[in-house]
Every structure is written in structure tokens, then in C-alpha cells.
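Structure record follows, encoded as C-alpha cells.
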Amino acid sequence: MSRWKYPLMLLGGIGISNVGGWVYLIALNLIILNETGSPLAIALLYILGPIATICSNAWAGSLIDRVNTRRLMMGLDVFRALCIAIIPFLPSLIYVYILAFIINMGSAIFQPTSMVYMTKLIPEKDRQRFNALRNFINSCGSLIGPTIAGVLFWMGTPYTAIHVNAVALFFSAFIIMMLPNVDSRLKETEGQRLTWDMIKNDFWVVFNFSKDYTYVTKIYLLFSGTTIFMTAIDSLEAAFAKGVLSLSDPIYGFLLSVFGAGFIIGSIINSVFSRQLTVNLLIGFGTIFTSIGYIALYSSNGFFSAAPSVFLIGFAVTFANTGYLTFYQNHVPVKMMGRFGSFFSVIEAGFIIALTVLVGLAAELTSIRLVGLIGSFAFFLLGLMALKAVSGAKRKEYFKKGAASLNS
């Protein structure tokens, strides 16, 4: 248990931040909806995330790989907490959008920073179990967060929930402060000034690594493709459930709980059997069964046929996430992980925006079910590519080699 002391503390900080993030998102949705009554205004809020990623992560990787990641995570938590605490006092919605964009930029930088810190903190043999537990914490947050938000709305207003999230981020920063420093050998790079030439040179470092290690890049692109497809197809989920399946708000909420149950059960199985489940198995079958879940969902005709589908999506995606994240941590050098993840996240965000808009327009012009099925079958083809990419004796040996040579 001694070696799990700090990983469990880190998971606690992630859990608090995740719950607070759900409270913040729901509260901000309600604030904007109450002010405007416009679904378009809400949609704009969701597009801010990937736009912020494009604006921040093109240069953030060069910063992440040259600074103390623990201090950067603490600073980002405190900065986001202060920005969120200011929201209730802003005079108009335009300022809310601007501040939400800045907060999203902070979150976009925090994600690759935390990934670098986790990789340095967690020994390679424990990463698969840690990633499974992280999925479990995130799934619990997706269930607990909305519940806490509802209680806070009942006790006060959405602005009360906003302030609670600010406190949660301050508490997360406090937990990170108690974690060990894993960047003691970065003194020679911490004083470097971030310049355009540095960012260009870092781009070529990532490009050359991607060219030299094409298989690592291929698996990471499959991971990005999974994220892109799920985000785009999920954008139709609420409209499909309410408009096509004619589910009431309480029944739709219960359907989301079924998804959460699948996520939690899958995460528990991943963490308990982490020694028996190989990374290539998690990636291949996790991706393909997630896509099958989407095909089944958009083929359903009511709650009782949709419920097993969303359960399968939640269950299978935990395997895919755990596999992809473990592979990424084990095969991308930790000394350039910030730059690698940040540069590719910019491309990923661009595709998320484009495909989500395309899916939304297609559903508007044709039918939600048809577009959902086409997107799901395209996702299934990606799953077949993932299964093929990780299959075979040669690939299995590659997955067993781990990161010793790359992360040195």
C-alpha cells in the first residue's frame, strides 16, 4: 500500500476536480439558458472547449516539457478557481463567454500536464491499474456531479454551484501541493524563454519522432479517432433519445445512469484484472465493442432496447480508454510527452469541431437515426482497424516490451 499512497492522493484530487467540473458545466448551462433561452447559446459554449484547445496547445507542450509539472498543475487549478469565482459578478454574458474560453484554455493545458506528471509518478507496472481506477473515479464523478449540482440548485442558485466548484479546485490544488516533486532534473530548462523558434523546433522534434516510431503514432491516431467519433456521435444522443425514442426527461436521465453503471462496472473489472488483461486486447476489443454499442443504440426503438446499448458503450469504452492511455504512457518518451500530446490534441480538436458541425447539419437536413447509424458504422470500421493494428504475435511482443527504452 505504501507505493499507492501518492497515486491514491492524486486520484482523490482528480475525483474532486472532476465532480466540480460537472457542477460547473451544469450550472453554466443553466445560467446561459436562463439568460438567453437559446439552445444555440448552449451549443456555442460546447464549441469553446475544442477552440480553446487549438489556441492553447499549439504552444503549451513546449512549456509543459520545460517546467515543473506539479507547480504548473497547482497554478492552473488556482487560476481556474479564481476565474470561476468571478463569473457570478460579471455584468453581461459576453464576459461569461470570454472567461469560459480562458477557463477552457487552462483545462486544455492541464490535461497534458497531468498526463506527464502521472507517467513520472506511477511506475510502469502500476499504470494499467491506475488508469482503470482513474476511469472509475471519472465515471463516479459523472454520476455524483449532477446529483450535487441538483442539491445545490435546490439549496441556492446556479451561482452557488459555481462557487462550490471554485472551492473544489482550490482543494484539488492543495492535494497536488502535498504530492512529491517528480521534475527535480528540469533546472537547466526552467529558465528558458518560450519563443516562436522554440515552438517550431519542438514541432520538428514531434514530427521526427512520429516518423521514426510510426506504430506508436498509428495507435495514438486511432485513440484520437475514437475520441473524435464518440464526441460527434454523442452530440446527437439527447436529440435521438427525446426526439426519436420519445423518452421523457426522467427516463432519459435514467438512461444516462445506465451508461454510468456500465462505465463503473467496466472500470472495476479493469482495475481488478489489470494483470490478466493485456493492453492490445483492451485497445482492440474495447474500441470495436464501443462502436457496436453505438450501432445498437441508433438501431433501437425504445428505452428497453436502448438501455443495453448504452450500458455496452459505457462498459466497453473503459477498456479502450485504459488500453490507449497505458500504451501512450509506456511508448511515448516522458521527456517529450507534453509536446507530443499537445500538438496532436490541436489536430484532434479541429476534427472534433468539423465532424460535430457536419453531423449536426446532416441530422438537421436528413434524419437523426440515419446520421447516427452512418457515424456508428464509420466508427465500427475504425474499431476493425484498431483490432487489426494490435493483433498478431509480433504486435503482442511489442506491447510487452514496455517503455524502458523510450522513456529513458
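Restricting region 193-211 to residues that are at pLDDT 90 or above and farther than 16 Å from ASN57 by Cα, the residue that is most open to solvent (accessible area, probe 1.4 Å) is LYS211. Remark: LEU281 falls outside the filter, which requires a residue to be in contact with a helix residue (DSSP H, G or I) (Cβ under 6 Å, 6 or more places away or on another chain) and either in a helix (DSSP H, G or I) or farther than 20 Å from THR119 by Cβ (or both). Determine, yes or no, whether ILE109 is modelled with pLDDT of 90 or more and more than 18 Å from GLY338 (Cα to Cα). Taking the combined requirement at face value, the residue does not satisfy it. Scanning region 276-293 for any residue that is free of Cβ contacts under 8 Å to residues at least 12 places away in the same chain, open to solvent by 10 Å² or more (accessible area, probe 1.4 Å) and closer than 20 Å to ALA132 by Cβ turns up at least one such residue.
For the list (1) within 19 Å of PHE340 (Cα to Cα); (2) out of contact with any Leu (no Cβ under 9 Å at 6 or more places or on another chain), I need the number of the one condition that PRO91 fails. All conditions pass for PRO91, except number (1). The residue that is farthest from PRO112 (Cα to Cα), among those in region 326-353 that are among the small types (Gly, Ala, Ser) and open to solvent by 10 Å² or more (accessible area, probe 1.4 Å), is GLY350. Restricting attention to region 368-401, which residues are at pLDDT 85 or above, open to solvent by 100 Å² or more (accessible area, probe 1.4 Å) and more than 25 Å from VAL357 (Cβ to Cβ)? Once the filter is applied, which keeps residues that are at pLDDT 85 or above, open to solvent by 100 Å² or more (accessible area, probe 1.4 Å) and more than 25 Å from VAL357 (Cβ to Cβ), region 368-401 yields only LYS388.
Filtering region 197-224 down to residues that are acidic (Asp, Glu) and more than 11 Å from PHE343 (Cα to Cα), which residue is nearest to the chain's Cα centre (by Cα)? Among those residues, the one meeting the criterion is ASP212. Scanning region 238-268 for residues that are without any contact (Cβ under 8 Å) to a residue 40 or more places away in the chain, open to solvent by less than 70 Å² (accessible area, probe 1.4 Å) and in a helix (DSSP H, G or I) yields ALA238, TYR252, GLY253.
A Cβ distance below 8 Å, combined with a sequence gap of six or more or placement on separate chains, defines the contacts here; from region 365-385, residues that are in contact (Cβ under 8 Å) with a residue 24 or more places away in the chain and within 12 Å of THR226 (Cα to Cα) reach residues that are open to solvent by less than 50 Å² (accessible area, probe 1.4 Å) and not in a helix (DSSP H, G or I) in the pairs GLY375/LEU236. Scanning region 59-75 for residues that are in contact with a Ser or Thr (Cβ under 7 Å, 6 or more places away or on another chain) and either open to solvent by less than 20 Å² (accessible area, probe 1.4 Å) or over 25 Å from VAL19 (Cα atoms) (or both) turns up ALA60, GLY61, ILE64, ARG66, THR69, MET73. Within region 341-355, not a single residue is more than 30 Å from THR326 (Cβ to Cβ) and in contact (Cβ under 8 Å) with a residue 24 or more places away in the chain.
Of everything in region 298-309 that is in a helix (DSSP H, G or I) and open to solvent by 10 Å² or more (accessible area, probe 1.4 Å), the residue that is modelled with the lowest pLDDT is PHE303.
Summed over region 362-393, residues that are assigned to a loop (DSSP other than H, G, I, E, B) and in contact with a Gly (Cβ under 7 Å, 6 or more places away or on another chain) total 1.
Determine, yes or no, whether THR36 is over 30 Å from GLN276 (Cβ atoms) and of a type in the set (Val, Ile, Thr). The answer is yes for THR36. Take the conditions surrounded by 17 or more Cβ atoms within 10 Å (Cβ to Cβ) and assigned to a helix (DSSP H, G or I) and apply them to GLY145. Does it pass? Spelling it out, GLY145 is indeed surrounded by 17 or more Cβ atoms within 10 Å (Cβ to Cβ) and assigned to a helix (DSSP H, G or I).
Scanning region 77-101 for residues that are touching a residue at least 24 places away in the same chain (Cβ under 8 Å) and either open to solvent by 20 Å² or more (accessible area, probe 1.4 Å) or of a type in the set (D, E, K, R) (or both) yields ASP77, VAL78, PHE79, ARG80, LEU82, ALA85, PRO88, LEU93, TYR97, PHE101.
The values are calculated or read from the model by the stated rules, or taken from the named source; none is laboratory data. These numbers were taken from a predicted model, which means no experiment stands behind them. Every residue, glycine among them, receives a Cβ derived from its backbone with ideal geometry; neighbour counts consider all protein chains shown. We work out accessible area using only protein heavy atoms, side chains counted, and drop any ligands, DNA or RNA first. Shrake-Rupley method; radii C 1.70, N 1.55, O 1.52, S 1.80 Å.
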